[in-house]
Amino acid sequence: MYGHLGLILSTTQYSTLSNISFVHLVNPGPLDPPEKGTEAQINATHDVKKERHCTLHLSQAVKKALISQVVSAMKPPYLAALCSTHKSHYGDNILTVLQHLFSTYGHITQQQFNALEMEFAT
């Protein structure tokens, strides 16, 4: 019902929206058809595995797109602590990126807010 919203919310936050837990997908592994299955059962197993792989790849693409959007919207110093020096990337967990930004830079005073509001009003 909530699509990929569980990628950017903590388990606690997501549980306030839905009684059904968000499932972070993992690779379903190799095809494991029933040992003495009929052709129809084997084909059904194959179809389920194919659908799980498609869903997994979509979820991974959404994660990468969200991280890319955050990275392009932020100035590099704000993300420096998350950047892997070996790979020049910011990980594969958008929730970790967002939590870092909010916990490190998400606190502003009323005076800062008022100053920014005045700046944007002009």
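The values are calculated or read from the model by the stated rules, or taken from the named source; none is laboratory data. What you are looking at is a predicted structure, and each value in this text was computed from that prediction instead of being measured. Don't worry about glycine lacking a Cβ; one is built from the backbone with ideal geometry, like all the others, and counts go over all protein chains shown.
In the range 92-104 there is at least one residue that is closer than 17 Å to LYS64 by Cα, at pLDDT below 85 and within 29 Å of the chain's Cα centre (by Cα).
For the range 105-122, enumerate the residues that are part of a loop (DSSP other than H, G, I, E, B) and either acidic (Asp, Glu) or modelled with pLDDT of 85 or more (or both).
Listed by number, the list holds a single entry, THR109.
Taking the range 45-80 as the region of interest, how many residues are over 21 Å from GLY3 (Cβ atoms) and of a type in the set (Asp, Glu)? The qualifying residues number 1. Of all residues in the range 24-48, those that are surrounded by 11 or more Cβ atoms within 10 Å (Cβ to Cβ) and of a type in the set (Gly, Ala, Ser) total 2. Selection of the range 16-53 for residues being more than 16 Å from the chain's Cα centre (by Cα) and within 24 Å of GLY91 (Cβ to Cβ) yields PRO28, GLY29, ARG52, HIS53. Meeting the requirement of 3 or more residues that are basic (Lys, Arg), the helices (runs of 4 or more DSSP H) wholly within the range 1-100 are 39-73. The set of residues in the range 49-79 that are surrounded by 12 or more Cβ atoms within 10 Å (Cβ to Cβ) and farther than 30 Å from PHE102 by Cα comprises LYS49, LYS50, ARG52, HIS53.
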